[in-house]
2 protein chains.
Amino acid sequence: MTVLDEILSREEFRGLSPAEFFYRNREIAGFSNPSRALYQTVRELVENSLDATELYSILPNIDVGISIVSEEKNIVKVSVRDNGVGIPPKEVPNVFGKVFYGSKYKLRQSRGVFGLGVKMAVLYAQMTTGSPTLIRTALPKSKNVYEYQILIDISKNQPIIVSNKVYKNKSKWHGTFVELTLEGNWSSARSRIMEYVKRTALITPYATIRFKAPGIEFSFKRVTRKLPPPPGVGKPHPKGVDIELLKQLIGSALANDNSLTLHEFLTQVFDSVGTKTALSFLKWAGYDPRTPISKLSISQLDDLARKMKNYTKWRRPKPHSLSPLGEELLMEGIKGILKPEFTSAVTRKPSSYGGHPFVIEVAIAWGGQIPASDKPILLRFANKIPLLYDEGVDVSRKVIDSIDWNLYKVRFPAPLAVVTHICSTKIPFKGVGKEAIADVPEVEREIEIALREVARRLKRYLSRIERQLEVKVRYVTISKYIGEISRALSIITGKDSKLFEKRLKLMVNQKILRKEVKVHETK
Amino acid sequence: MTVLDEILSREEFRGLSPAEFFYRNREIAGFSNPSRALYQTVRELVENSLDATELYSILPNIDVGISIVSEEKNIVKVSVRDNGVGIPPKEVPNVFGKVFYGSKYKLRQSRGVFGLGVKMAVLYAQMTTGSPTLIRTALPKSKNVYEYQILIDISKNQPIIVSNKVYKNKSKWHGTFVELTLEGNWSSARSRIMEYVKRTALITPYATIRFKAPGIEFSFKRVTRKLPPPPGVGKPHPKGVDIELLKQLIGSALANDNSLTLHEFLTQVFDSVGTKTALSFLKWAGYDPRTPISKLSISQLDDLARKMKNYTKWRRPKPHSLSPLGEELLMEGIKGILKPEFTSAVTRKPSSYGGHPFVIEVAIAWGGQIPASDKPILLRFANKIPLLYDEGVDVSRKVIDSIDWNLYKVRFPAPLAVVTHICSTKIPFKGVGKEAIADVPEVEREIEIALREVARRLKRYLSRIERQLEVKVRYVTISKYIGEISRALSIITGKDSKLFEKRLKLMVNQKILRKEVKVHETK
């Protein structure tokens, strides 16, 4: 055998299907062990249910159930049921059985984005217990409920339909019910899952979530019926364009109308580009606005893409594809869950990075039922998803740790919690497990500005408390002498000491206590 | 329009190709900005070159070149050339132009595993500059050099061959040369890239790496010609089996021989399973060893997979598919790069998690050119890849921070560096960007044991230095009195004080200084 033969015989080149890739590398999607996999399964299902309700202005009702099938074998059953818009029956097999398949590949804020999460749960159930995933779904006004049992053909990345039934929709239900049987460690995942549900309730105060697991049953009832306006679907922003995207967009624009000019193309296809912006840009870039896009050469395309990226005078992306919670709802959520003495929230104006619009919301909560700790407790959210793992590499932790809290009258240990929430059509997650957010400079800056604002408000609150305490101390100190002074005045003037006492008390009250401010109301 | 129509019209279900998925989510693979993308491109190419050499017992010669194409537009050209085994010409388009395609999907320690890295670099070059990637390659003894220019059809996940040439291989070269033109920020990536090359040289002391970039030219020459033995290809370990894998393995075993018994199947297909182990397991699991595997039902398969996973008496996986560096080479590397005063290394015995064999190597380096800092400097490696990002969530950092360094006579700030290296057929990376390692308990434990061992050695070294210092102090203290005592003795005895002085000095030398030990040699 020659060296060449030997090498070729040793090397076997092949392609993997996406399902096989994630089957082999499941820890990348958060399915690294029976405890984490159970946590991840619950969150993927809950997040899909929340997307299926609030994106369509439905007040979410979500039932989460976990039961133990075999203690000894570590097998659990997870089910989640919602009152959402359901899934068109013919799409069910692919939505659950084909990696990288979904309806969320658009410019709009949603929890799901990768087309991966629920398939990973299906895959994990299949490989650990061999069980198919059960799905029941009904669209609004559907006369039937559709039921499927799905497995995944891993090497082909295709769904396998194990069974398929149709029932009458007697209760006029709409929504989706999913049930999986998987290897999972409930006792070790328990506290994380409960924390996850609690934080989800905080960030979606308009949702009712019922939770049932071995020995536990509780529900978070909605504290408000007000839903934030659902996000619209956005257009791409010129700042976020690369050569590939530009080619795609020109291709589809030409398919519609092949006489389109550069100026028309820019104003029709992109976000926040009006006639004036388009003309200024084209002048700066050195293009005639009347050039038909069909006439552009490849090298002109390259040049145009680069200039669109480098141009500094685009207007900010429009935030209508975002759906932040808003200061009021965020504070409602915090009061309901953390039960602090003081809370304050800031929703920043929309900003952008690399053509993606984003909004930062930061809230601070102090005292009450918040336990004292050595640094601020951080609750992170991204598109209303609570993030529980990998806090150490998250941009929010970085910002919080960089702040000198002494400036804000906070001395640790202190009962302080910080809530950060980023909404974007494109969250800069560090991994497909969706746990930590990268330190994109624009995001970092917005978080810092918002955090300093709420921290200043906390400082004012703490100052008021401090003053109030001082006042009380002075009042007590001065009051001690009232009796003695009254007696002395009584001796000098011959009048009743009771009179002086009464008048002096009144004077002290007026001079000192009126400075007191009400501090126990939550701002 | 009914509610249903409206919902359906708003939702568009579709599938993404793997190329499109990673094109949209490039930051997940480490391509988050022009600085990080340049760093990631260099490392993907260098790591492929190292795999193409040392896996085949070739001493690596690697040339890395970075040049600036346009300062203003942030465009750079990156090239890497090696003396490896090359790529079979017909495989070149897929290897560079099809995501999830490769030759490394086997049970063997290698740097590349995902079939993703170099395609991401190709994709990134294409979307930022529109340029194809240039590849030249020749197998050993090949009469020709094959040249390709490749782009990727993103929506189909297929290579586009832009050009394809064949040259005579006049210089009898073998290896691969890759050149990409991409948007990259050299000035901000510079220090990371240089640190990366330096650390690569540390962990591959048998490689020569030449590096040329704007204003910089240096090379790390190999400090040894000794290569660690290349890893063999392993079989799956029964502990790591899930139902899917078991089905696949039974399927291919049956294709060969459909009368195979359970006992034969176990001993032929799995790692570290001999007749005795197989019989013990089957007895425990309640199966007759003579059962033909073709007779197993689906529910028996499920049961068998679960029992294989839960059985506690398997032998450890064989480590022949691993290629650790070894204590000696690791210390060579550290001496060459960090130039410490003291260093010591431990290569642990093979261990395993979830059926994957792994070996932990830990070294400690002290003093010399290591700068003093407030906590140990950590240099992390996985399958000989330096890991530079996301240290905060890496298992090694966790172990190091959990150690009370006072126990080992280390007081910070101290000139202390710790090197950790994990070798495995399956590194538990936290993301496809290959930056941080998850805290798998078995891995954590091995790192801690190894670290405590080298820390104890450091303590012994530091104790020796301490004693030596004490001795010197005593010597100096006592020596001060020799003159006076000699004069006194001279007066008392009438003998020459010089004589006493000489004898006293000799005595002090013998009694005190002989305790001194040589400490400046590197252990």
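The values are calculated or read from the model by the stated rules, or taken from the named source; none is laboratory data. Please read these numbers as outputs of a predicted model, since none were measured by experiment. FYI the Cβ positions are ideal-geometry reconstructions off the backbone, even for glycines, and counts take in every protein chain you see. Remember, those area values only see protein heavy atoms, side chains included, never the ligands or the DNA or RNA. Shrake-Rupley method; radii C 1.70, N 1.55, O 1.52, S 1.80 Å.
Data for the structure
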quantity: Residues satisfying the stated conditions in region A:385-402, i.e. part of a loop (DSSP other than H, G, I, E, B) and either open to solvent by 10 Å² or more (accessible area, probe 1.4 Å) or modelled with pLDDT of 95 or more (or both); calculated: A:388, A:389, A:390
quantity: Residues located in region B:404-419, provided they are open to solvent by 10 Å² or more (accessible area, probe 1.4 Å) and out of contact with any Leu (no Cβ under 7 Å at 6 or more places or on another chain); calculated: B:404, B:405, B:406, B:407, B:411, B:412, B:413, B:415
quantity: Checking residue A:458 against (1) buried (at least 18 other Cβ atoms within 10 Å of the Cβ); (2) of a type outside the set (D, E, K, R); (3) farther than 18 Å from residue A:421 by Cβ, the condition it does not meet; calculated: (3)
quantity: Residue satisfying condition, being touching a Phe, Trp or Tyr at 6+ places or on another chain (Cβ under 6 Å) and β-branched (Val, Ile, Thr), within set B:250, B:216, B:193; calculated: B:193
quantity: Which listed residue, of A:208, A:176, is among the β-branched types (Val, Ile, Thr) and in contact with a Pro (Cβ under 9 Å, 6 or more places away or on another chain); calculated: A:208
quantity: Options B:474, B:452; residue that is free of Cβ contacts under 8 Å to residues at least 40 places away in the same chain, charged (D, E, K, R), open to solvent by 20 Å² or more (accessible area, probe 1.4 Å) and more than 28 Å from residue B:192 (Cβ to Cβ); calculated: B:474
quantity: Entirely in region A:151-269, the helices (runs of 4 or more DSSP H) that have 3 or more residues that are open to solvent by less than 10 Å² (accessible area, probe 1.4 Å) and away from chain B (no Cβ under 13 Å); calculated: A:186-203, A:262-269
quantity: Residue match in region B:293-314 (condition: over 30 Å from residue B:400 (Cα atoms), surrounded by fewer than 17 Cβ atoms within 10 Å (Cβ to Cβ), in contact (Cβ under 8 Å) with a residue 40 or more places away in the chain and polar (S, T, N, Q)); calculated: yes
quantity: Candidates A:21, A:31, filtered to the one that is more than 10 Å from chain B (Cβ to nearest Cβ), crowded, with 23+ Cβ neighbours inside 10 Å and at pLDDT below 90; calculated: A:31
quantity: Flag for residue B:134 being more than 23 Å from residue A:155 (Cα to Cα), surrounded by fewer than 23 Cβ atoms within 10 Å (Cβ to Cβ) and either more than 10 Å from every other protein chain (Cβ to nearest Cβ) or among the charged types (D, E, K, R) (or both); calculated: yes
quantity: Residue match in region A:98-111 (condition: open to solvent by 10 Å² or more (accessible area, probe 1.4 Å), at the interface with chain B (Cβ under 9 Å from one of its Cβ atoms) and more than 20 Å from the chain's Cα centre (by Cα)); calculated: yes
quantity: The one condition in (1) facing chain A (nearest Cβ under 9 Å); (2) in contact with a Gly (Cβ under 6 Å, 6 or more places away or on another chain); (3) closer than 30 Å to residue B:358 by Cα that residue B:114 fails to fulfil; calculated: (2)
quantity: Residues (more than 18 Å from residue B:78 (Cβ to Cβ) and either assigned to a helix (DSSP H, G or I) or in contact with an Asp or Glu (Cβ under 9 Å, 6 or more places away or on another chain) (or both)) located in region B:21-50; calculated: B:21, B:22, B:23, B:24, B:27, B:28
quantity: Residue list for region B:434-446, filter: open to solvent by less than 10 Å² (accessible area, probe 1.4 Å) and more than 12 Å from residue B:382 (Cβ to Cβ); calculated: B:446
quantity: Flag if residue A:50 is open to solvent by less than 10 Å² (accessible area, probe 1.4 Å), touching a Pro at 6+ places or on another chain (Cβ under 8 Å), in contact (Cβ under 8 Å) with a residue 24 or more places away in the chain and not hydroxyl-bearing (Ser, Thr, Tyr); calculated: yes
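Table: residues versus (1) surrounded by fewer than 24 Cβ atoms within 10 Å (Cβ to Cβ); (2) under 22 Å from the mean Cα position of the chain (by Cα).
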| residue | (1), (2) |
| --- | --- |
| B:55 | yes, yes |
| B:58 | yes, yes |
| B:61 | yes, yes |
| B:71 | yes, no |
| B:84 | no, yes |
| B:94 | yes, no |
| B:114 | yes, yes |
| B:121 | no, yes |
| B:146 | yes, no |
